[in-house]
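Written out below as structure tokens is the structure these notes cover.
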Amino acid sequence: MNKTEYLKRLSDELGHMPYGDVKDIIQSIEEHFDEGLSEGRSEEEIAESLGDPKDLAAEFKDGAKFNQIMKKRRRMADSFKGPDGRGRIFVIILNAVVGIWAWLILLAAIVAAFMFLAGDLGIAGLLVASLILGKITEFIVPCIFLILTLLCIAVFLIALLILGIKYYGRGLKAYIRWNKHVWNYGLGED
């Protein structure tokens with residue numbers, strides 16, 4: 001549920017309280033949403049961390065203040081974190097084993113594509129120089145074949161990289177989101 005829906009449901013649940021109190025509560029919740037958005041969290045994540053609007057309204061009706069409610073909710077969220085930092089250790093080890101290698105493979109593919117292009121240019125330069133100097137011999141056909149082969153490999157690698165980077169970015173975004181979740185909330189219950 002987004003911010004607008006959450007505030008609407010909360011306002012409906014607080015309906016029998018004095019208008020000034022409801023206004024102050026809604027303003028506090030709006031500020032909480034704004035702080036969360038500035039930290040990079042989504043409206044849905046913030047609404048989820050606040051819990052059901054009906055339960056939150058019940059706590060306000062019981063006389064609790066916003067800061068008291070948020071401290072209680074933070075303690076509850078902290079109880080879901082992995083004991084002894086298991087989640088954080090897991091994320092560090094997983095990134096050392098998987099994440100770094102994924103970046104190195106991508107970097108190696110980029111370097112390979114440019115090496116093929118550089119080799120192509122070098123061989124083409126030698127072929128042109130030998131034509132200009134008149135020193136061309138029986139190696140012209142193999143040189144042309146090598147140039148075309150390297151060019152085809154380079155074009156294939158570049159096309160593969162363009163597609164790979166596109167999907168790599170999507171996968172990386174999901175992987176980072178998952179890492180943040182494990183880092184913040186641990187591996188879950190035993």
Which numbered condition L104 fails, given (1) surrounded by fewer than 11 Cβ atoms within 10 Å (Cβ to Cβ); (2) farther than 25 Å from W183 by Cβ; (3) within 38 Å of the chain's Cα centre (by Cα):
(2)
Of the residues in the stretch 107-126, those that are over 36 Å from the mean Cα position of the chain (by Cα), of a type in the set (A, V, I, L, M) and within 17 Å of C152 (Cβ to Cβ) number 3
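The rows are residues; the columns are (1) hydrophobic (A, V, I, L, M, F, W, C); (2) over 23 Å from N184 (Cα atoms); (3) not in a helix (DSSP H, G or I).
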position	(1), (2), (3)
S11	no, yes, no
F33	yes, no, no
G40	no, no, yes
I46	yes, no, no
S49	no, no, no
K54	no, yes, no
E59	no, yes, no
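Computed from the coordinates by the stated procedures, all read-outs in this text should not be read as laboratory data. The structure displayed is predicted, hence computed values, not measured ones. Every residue, glycine among them, receives a Cβ derived from its backbone with ideal geometry; neighbour counts consider all protein chains shown.
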